[in-house]
Amino acid sequence: MSLPSPAPEARAVVTGASSGIGEALATELAARGHSLIVVARRGELLEALATTLRTEHGVTVEVRVLDLSDRDARTAFATELSEREISILCNNAGIATFGPVSGLDPAYERDQVELNAVAVHDLTLAVLPGMIARGTGGILITGSAAGNMAIPNNATYAATKAFVNTFSESLRIELKGSGVHVTLLAPGPVRTETPDPADASIVDKLVPDFLWIDSTYTAKLSLDALAKNKMRVVPGLLSKGMSIAGQYSPRSISAPIVGSFYKKLGG
Ligand SMILES: NC(=O)c1ccc[n+]([C@@H]2O[C@H](COP(=O)([O-])OP(=O)(O)OC[C@H]3O[C@@H](n4cnc5c(N)ncnc54)[C@H](OP(=O)(O)O)[C@@H]3O)[C@@H](O)[C@H]2O)c1
């Protein structure tokens, strides 16, 4: 079985489509003929993307300017999705914070949980009944290799990604035979824009260029994996290495090592 074919009323939804991996997913879906609903807070970026995709691929693109960490706004959007023909849902929007959680803004940490974990849960549950009734659908969940590990100095992010990693892989088995595909995208570092050498992060400096993968490659690989109902897609050598290390090394050993590296990112 593959993904639902594009149809006039059907929409593929991409959250976090205003930049990075989400923008690449929306672009790849449009190139494959799917009409879209694109979601993020920066409306001007979404409108520019929508204009490009309509012109280049002749698809319909609806823009929803929305803060998905806001429960009321999210509930209204989830209700809309539950009433429409959603063929594909890419739960991709996410943010990360770095440093000891005790020193971070509690409100922003809560927003991170709402966006990275609760919104993924809400939107998935909104589209599931329709997909199951139609006997077809695809749900891509952007987790992270960070969700396989305990990561001091990235605690809220790692915990939210552990939630979505586990949710995705559990749900996929529940839906076996239903025609609804669920795939987890669990990358390590993905280069979403070319770094300014003067402003490069420690990750940019430490990871050699040949080990980086980009958003376009990640999006294509993810949608191909979703079409095949793969459990998890881990793009690139570095991501694969992180994924294996995170899943199979004892946390009492890996957590302090990883934590001291993440401390340099913003601790
Ligand atoms: N790049 C990596 O190395 C990497 C590695 C592992 C996992 N990931 C995951 O991949 C996903 C995409 O990340 P990215 O690297 O492409 O980063 P990005 O370019 O910063 O994209 C994040 C997207 O999320 C949207 N977003 C943020 N807060 C939002 C909110 N409150 N409501 C609605 N939309 C919101 C942003 O749009 P607005 O700002 O316009 O709202 C943007 O479109 C995330 O879930 C991230 O955790 C990334």
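The values are calculated or read from the model by the stated rules, or taken from the named source; none is laboratory data. Computed from a predicted structure; not experimentally measured. Neighbour counts run over all protein chains shown; Cβ positions are idealised from the backbone, glycine included. Quick note on the areas: whole protein, heavy atoms, side chains included, nothing else; ligands and nucleic acids left out. Shrake-Rupley method; radii C 1.70, N 1.55, O 1.52, S 1.80 Å.
Screening VAL164 against (1) touching a Leu at 6+ places or on another chain (Cβ under 6 Å); (2) open to solvent by less than 10 Å² (accessible area, probe 1.4 Å); (3) within 16 Å of the ligand (Cβ to nearest atom) leaves a single unmet condition, (1). Only residues that are of a type in the set (Ser, Thr, Tyr) and open to solvent by less than 70 Å² (accessible area, probe 1.4 Å) were counted in region 211-234, giving 3. Looking at region 75-108, which of the residues that are of a type in the set (Val, Ile, Thr) and within 13 Å of the ligand (Cβ to nearest atom) is least open to solvent (accessible area, probe 1.4 Å)? Selected residue: THR97. For region 143-192, name all the residues that are farther than 22 Å from PHE261 by Cβ, in contact with a strand residue (DSSP E or B) (Cβ under 9 Å, 6 or more places away or on another chain) and not in a helix (DSSP H, G or I). Listed by number, the residues that qualify are LEU175, SER178, GLY179, VAL180, HIS181, VAL182, THR183, LEU184, LEU185.
Residue pairs whose Cβ atoms lie under 6 Å apart, sitting 6 or more positions apart in sequence or on different chains, and linking a residue in region 32-46 that is more than 21 Å from LYS220 (Cα to Cα) to a partner that is open to solvent by 30 Å² or more (accessible area, probe 1.4 Å) and within 16 Å of the ligand (Cβ to nearest atom), are ARG41/ASP67; GLY43/VAL65. For region 65-106, give me each residue that is of a type in the set (S, T, N, Q) and within 28 Å of PRO152 (Cα to Cα). Scanning region 65-106 gives SER69, ASN91, ASN92, THR97, SER102. Selection of region 1-38 for residues being closer than 14 Å to ALA93 by Cα, open to solvent by 30 Å² or more (accessible area, probe 1.4 Å) and either in a loop (DSSP other than H, G, I, E, B) or among the hydroxyl-bearing types (Ser, Thr, Tyr) (or both) yields only SER19.
Applying the condition of being closer than 23 Å to ALA255 by Cβ and not β-branched (Val, Ile, Thr) to region 109-131 and asking which residue is nearest to the ligand (Cβ to nearest atom) yields ASN116.
For region 194-202, check the following and say yes or no: at least one residue is in contact (Cβ under 8 Å) with a residue 24 or more places away in the chain and either out of contact with any strand residue (DSSP E or B) (no Cβ under 7 Å at 6 or more places or on another chain) or within 13 Å of the ligand (Cβ to nearest atom) (or both). Yes: region 194-202 contains one or more residues that are in contact (Cβ under 8 Å) with a residue 24 or more places away in the chain and either out of contact with any strand residue (DSSP E or B) (no Cβ under 7 Å at 6 or more places or on another chain) or within 13 Å of the ligand (Cβ to nearest atom) (or both). Name the single residue that is least open to solvent (accessible area, probe 1.4 Å) among those in region 235-267 being assigned to a loop (DSSP other than H, G, I, E, B) and out of contact with any strand residue (DSSP E or B) (no Cβ under 8 Å at 6 or more places or on another chain). Checked region 235-267; the qualifying residue least open to solvent (accessible area, probe 1.4 Å) is SER249.
Among residues belonging to region 203-221 that are of a type outside the set (A, V, I, L, M, F, W, C) and within 10 Å of the ligand (Cβ to nearest atom), point out the one that is modelled with the lowest pLDDT.
Top of the filtered list is ASP214.
Among the residues of region 172-193, the one identified as open to solvent by 40 Å² or more (accessible area, probe 1.4 Å), of a type outside the set (D, E, K, R) and within 14 Å of the ligand (Cβ to nearest atom) is THR192.
Of all residues in region 39-74, those that are within 18 Å of LEU125 (Cβ to Cβ) and open to solvent by 80 Å² or more (accessible area, probe 1.4 Å) total 2. In region 1-38, the qualifying residues are those that are of a type in the set (A, V, I, L, M) and modelled with pLDDT under 95, and the one that is nearest to the ligand (Cβ to nearest atom) is LEU3. Which of the residues belonging to region 39-69 are away from the ligand (no atom under 15 Å from the Cβ) and in a loop (DSSP other than H, G, I, E, B)? Within region 39-69, GLY58, VAL59, THR60 qualify.
For (1) closer than 21 Å to THR79 by Cα; (2) away from the ligand (no atom under 14 Å from the Cβ), each residue gets a yes or a no:
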position	(1), (2)
ALA133	yes, yes
LEU140	yes, no
ALA145	no, no
THR160	no, no
SER170	no, yes
